Amino acid sequence: MPVQNAEIAEMFDHTAELLEIKGDNPFRSRAYRNAARVIERLPKSITGLLKAGEDLSELPGIGKDLAGKIAAIVTTHKFDVLERLKRELPGDLGEIAALPGLGPKRVKLLYDSLGVRTLDDLRRVIQSGRLRDLKGFGLKSEQKLVAALAKPPAERRFKLVEAEAEAEALLAYLRKTKGLAEAVVAGSFRRRRDTVGDLDVLAIARNGAAVGNRLVRYENVAHVVAHGPTRTTIILRSGLQVDLRVVPKASYGAALMYFTGSKAHNIALRGLANDHGWKLNEYGLFDDRRRIAGATENEIYRKLGLAMVPPEMREDRGEVALAATGDLPKLITLGDIRGDLHVHSRWSDGTASIEEMAIAAKARGYAYIAITDHSKHVTIAHGLDSAHLARQLDEIDRVNERLSGFTVLKGAEVDILADGKLDLPDKVLVRLDLIVAAVHYKFDLSRKAQTERIIRAITNPYVSVIAHPTGRLINERVPYEVDMEEIIAAAAEHGCCLELNGDPDRLDLDDIHAHAAKLNGVRLAISSDAHAIGGLGNMRFGVDQARRGWLEAGEVINTRPIAELRMLLKRRH
DNA sequence: GCCGTTTTCGGCCCGACTGTTTTCAGTCG
């Protein structure tokens, strides 16, 4: 089993953590963390890159030294630096450092003076009263730790759609604050990440304390973590953390940028400001003490010699360099979408008729949809057999006769059987405009078998799109084991599209894989997978993730007019 | 440990809040 990128990233993160606790050069541990981020989001496997003879030190944040260390890890499956650190600092210090209020310095102090190596050690020194006598610790620290040890915070990120519901209610409440000019959610929410760790709320008001005071009185607050004049942190009953920051109007752009992040993007911009001899913080861009920009994001980017970077791209994945040369991609927007290619009806497990779905799609400004009900293998969803599907095609003809300026395409979401064959015979498939193929069972095949299974479907000339290619359900089901690099390569070779499923529980492909598909010339279909009229609205989540993958309209097939789309689909069979 | 139009050394983003202290270090984002 070759070493996965995520394993190398994990080793580097762990190394960084132990280096911090040890008190090593902080920039060295930052280098490990940076490298971990670079490796983790790499669209290709490190093992594959090495096999192809690529020079890893070409990657940003990875120099000669780390390149050598990575090569050694791939060979030995071990990282000697980390092994040494673990021997030097035994126990589970990472677990201790994860507790609120405990960082590397205090973990080291606990380790050196009280011999705390595990959570149980920590419990013991609290019980014996030795903790509160330690310099820098007191009653408050002790109480905080007792609470945290009793009920470890659920380390979970919220689906974007869940965060949206919380955000809307909270903003509506905060906007009633007297003297508040603006309140928005920044952070990963604004960058439209598929999951959100906390809500970063930015407000403009003369009297910052008034907004914070209102926030702590919000009915859904479970716990106030911190509460100052310009910054307040609370935990909602749902467990979602909210960080509120209030700034004056002149700083709005700078604060929005700062609070939108990502942290890595901010650090890159601050470095650029430094190059000019300026300073960038959440209050503005400063030449000495004079603010030279700050009211809008646009003006700050411009001063730094950059084009405005869309929030979805602010991940320090090369966007700063592109913004400097004016080569940012023109990201796809919801308005570019002309149709939806994965839609269910009452014929299988949907709740609306074909005509109702078509009319709702037309009302959204679309020119077409494809009805893609399940095939027979998915019995739980009342999948269609050949005869049933044939009757559905007649029904689609009738609906098309009644509609003007709109087309219902004949499709099916056909099951990919365990051996990679399709669940419906070719003589039926040939009558369809498009086939979306998907895995719905036997998620536990080996990586090799699962990859071969899907590639077999890709090579089938009738298959236009592979639906939700990794099968993940966010926070519920991990992706099945599959070699996405090989799948993308096969899709590129056979001209098969991959789906970016906009169902907020799926968002599959994710941003990284969508970007990898783009780099390999694979076209995507962004689809809602709607099972009801309201589900057509999932499209916007799909577009969000496509933007995070740097996709442009031309790389997404359902931005094409119907005639062009038909040409693209026909080319395969 | 990385990086370079300040290039092989000497930098590396910046500020708010807390707790424990009595002027600030540590943590956090």
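The values are calculated or read from the model by the stated rules, or taken from the named source; none is laboratory data. This is a predicted model, so every value here is computed, not measured. Cβ: placed from backbone, ideal geometry, glycine included. Neighbour counts: every protein chain shown. These accessible areas exclude ligands, DNA and RNA; they are computed on the full protein's heavy atoms, side chains included. Shrake-Rupley method; radii C 1.70, N 1.55, O 1.52, S 1.80 Å.
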Next item on the list: Out of the residues in segment A:291-342 that are over 24 Å from A:His276 (Cα atoms) and of a type in the set (A, V, I, L, M, F, W, C), state the one that is surrounded by the most Cβ atoms within 10 Å (Cβ to Cβ).
Entry: A:Leu341
Item checked: Every pair of residues 6+ apart whose Cβ atoms lie under 8 Å, when the first sits in segment A:397-420 and is of a type in the set (S, T, N, Q) while the second is in a loop (DSSP other than H, G, I, E, B) -> A:Thr407/A:Ala367
Notebook entry, point to check: Within segment A:419-442, restricting attention to residues that are open to solvent by 40 Å² or more (accessible area, probe 1.4 Å) and out of contact with any strand residue (DSSP E or B) (no Cβ under 8 Å at 6 or more places or on another chain), which residue is farthest from A:Ala387 (Cα to Cα)?
Noted result: A:Lys442
Margin query: Which of the helices (runs of 4 or more DSSP H) found entirely inside segment A:1-79 contain at least 1 residues meeting this: farther than 29 Å from A:Gly521 by Cβ?
Written below: A:5-22, A:26-40, A:64-76
Checklist line | Answer from A:Ala553, A:Ala514, A:Ala491, A:Ala532 - the residue that is within 14 Å of A:Ala437 (Cα to Cα) and hydrophobic (A, V, I, L, M, F, W, C) | finding: A:Ala491
Notebook entry, point to check: Within segment A:350-398, restricting attention to residues that are in a helix (DSSP H, G or I) and basic (Lys, Arg), which residue is nearest to A:Ser527 (Cα to Cα)?
Noted result: A:Lys362
Check: Of all residues in segment A:31-69, how many are more than 9 Å from DNA strand B (Cβ to nearest atom) and free of Cβ contacts under 8 Å to residues at least 12 places away in the same chain?
Finding: 5
Next item on the list: For segment A:442-474, name all the residues that are under 27 Å from A:Lys159 (Cα atoms) and among the acidic types (Asp, Glu).
Entry: A:Asp444
Note to self: Let me spell it out: the conditions are (1) away from DNA strand B (no atom under 11 Å from the Cβ); (2) at positive phi, and A:Gly261 meets all of them except one. Which number is the exception?
What the structure shows: (1)
Next item on the list: Would you check if A:Gly271 is over 30 Å from A:Asn207 (Cβ atoms) and small (Gly, Ala, Ser)?
Entry: yes
Checklist line | Checking A:Gly94 against (1) touching an Asp or Glu at 6+ places or on another chain (Cβ under 7 Å); (2) surrounded by 19 or more Cβ atoms within 10 Å (Cβ to Cβ); (3) part of a helix (DSSP H, G or I), the condition it does not meet | finding: (2)
Checklist line | Selection count, segment A:91-131, where residues are more than 16 Å from DNA strand B (Cβ to nearest atom) and closer than 27 Å to A:Ala226 by Cα | finding: 2
Note to self: Please pick out the residue among A:Gly115, A:Gly138, A:Gly129, A:Gly187 that is closer than 27 Å to A:Ala222 by Cα and surrounded by fewer than 18 Cβ atoms within 10 Å (Cβ to Cβ).
What the structure shows: A:Gly138
Item checked: Matching residues, segment A:256-279, being touching a residue at least 12 places away in the same chain (Cβ under 8 Å), open to solvent by 20 Å² or more (accessible area, probe 1.4 Å) and outside any helix (DSSP H, G or I) -> A:His276, A:Trp278
Notebook entry, point to check: In the set A:Gly253, A:Gly197, A:Gly228, which member is within 17 Å of A:Leu174 (Cα to Cα), of a type outside the set (Val, Ile, Thr) and open to solvent by less than 50 Å² (accessible area, probe 1.4 Å)?
Noted result: A:Gly228
Next item on the list: Give me the pairs, please: first residue somewhere in segment A:86-113 and over 24 Å from A:Arg156 (Cα atoms), second residue anywhere and more than 8 Å from DNA strand B (Cβ to nearest atom) and among the polar types (S, T, N, Q), beta-carbon distance under 7 Å, and either six or more positions apart or on two chains.
Entry: A:Gly91/A:Thr118
